[in-house]
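Reading through the structure tokens given below for one structure.
The values are calculated or read from the model by the stated rules, or taken from the named source; none is laboratory data. What you are looking at is a predicted structure, and each value in this text was computed from that prediction instead of being measured. Every residue, glycine among them, receives a Cβ derived from its backbone with ideal geometry; neighbour counts consider all protein chains shown.
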């Protein structure tokens, strides 16, 4: 994987680890699904790799990293969706204060930083302010604004950006996916490899989810908004996947509007969205993206589902009406 092909920042950091010259802390920031954790594991393997061409991916050290068996690679993940409390951070700090198992560096992976409580982030801050020799922190965040500024300021910040189409296609093909399936998801994933892989997994992107996205992007009158809202209220248990797909669709339109994605990638979208993605205010698209995110957040927080989804549908309707008038 040539990380300089993603962006200059990832290429520079990658070469620092290859040369065994990392700084004490990095903050990898970018949308969920862009490959932050995988990139962090590649950096770790480059630091531990015993071959001349680092990381080789084949030596015992590289295999330990990717198999999760490297004792000097300490992970702190919130995969269960729960917050990362201060006690878990203290456990990590206790581990890195002890002698390393090997003779080189130790690496700490934390993802996502925004799942750490304020107390946990403040506890981590002390270790970042007074770095321990040969300890490298690789922090990952899906939302930079949720990370304490004092933590961000003590890290080298690396912005993970959408993958170029050519590189994403090459990677997916090398992973064994067919030309036809890759061609079908490439215009819709917005350069997000995680989303591309989800789309390639039929169990995660079924026809019902795609139908919901099309319907949500086609709401242009009260009757359609009410109908779709009613449908969502009756399928609360499966709503997370539908809302995530809608959020990604809006994000894809935003990438087109800001010139980071070719307009042809929206060929499967309703015509109103294809036009709006080239003329609508960026602030309006951002507002819609935030509205979907807030709907998902409130759902997780057990906020009244009926009023929650009603509000989202009306927000979509108001924006669509505005665009119809703009494009008339």
Please work out if residue 281 is farther than 19 Å from residue 32 by Cα and either outside the structural domain of residue 214 (by TED's automatic domain parsing) or surrounded by 16 or more Cβ atoms within 10 Å (Cβ to Cβ) (or both).
no
Could you go through region 67-76 and let me know if any residue there is surrounded by fewer than 21 Cβ atoms within 10 Å (Cβ to Cβ) and part of a helix (DSSP H, G or I).
yes
Which numbered condition residue 111 fails, given (1) touching a strand residue (DSSP E or B) at 6+ places or on another chain (Cβ under 8 Å); (2) more than 26 Å from residue 49 (Cα to Cα):
(2)
Scope region 172-204; condition in a loop (DSSP other than H, G, I, E, B) and exposed (fewer than 13 other Cβ atoms within 10 Å of the Cβ); matching residues
175, 176, 178, 201, 202, 203
Among the residues of region 277-285, is there at least one that is outside any helix (DSSP H, G or I) and closer than 30 Å to residue 183 by Cβ?
yes
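Residue 127: in a helix (DSSP H, G or I) and over 25 Å from the mean Cα position of the chain (by Cα), yes or no?
Values: in a helix (DSSP H, G or I): yes; over 25 Å from the mean Cα position of the chain (by Cα): yes.
Judged against the criteria, residue 127 is a match.
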Give the number of residues within region 23-63 that are assigned to a loop (DSSP other than H, G, I, E, B) and more than 30 Å from residue 260 (Cα to Cα).
13
Kindly evaluate residue 299 against the criterion of being at pLDDT below 80 and assigned to a helix (DSSP H, G or I).
yes
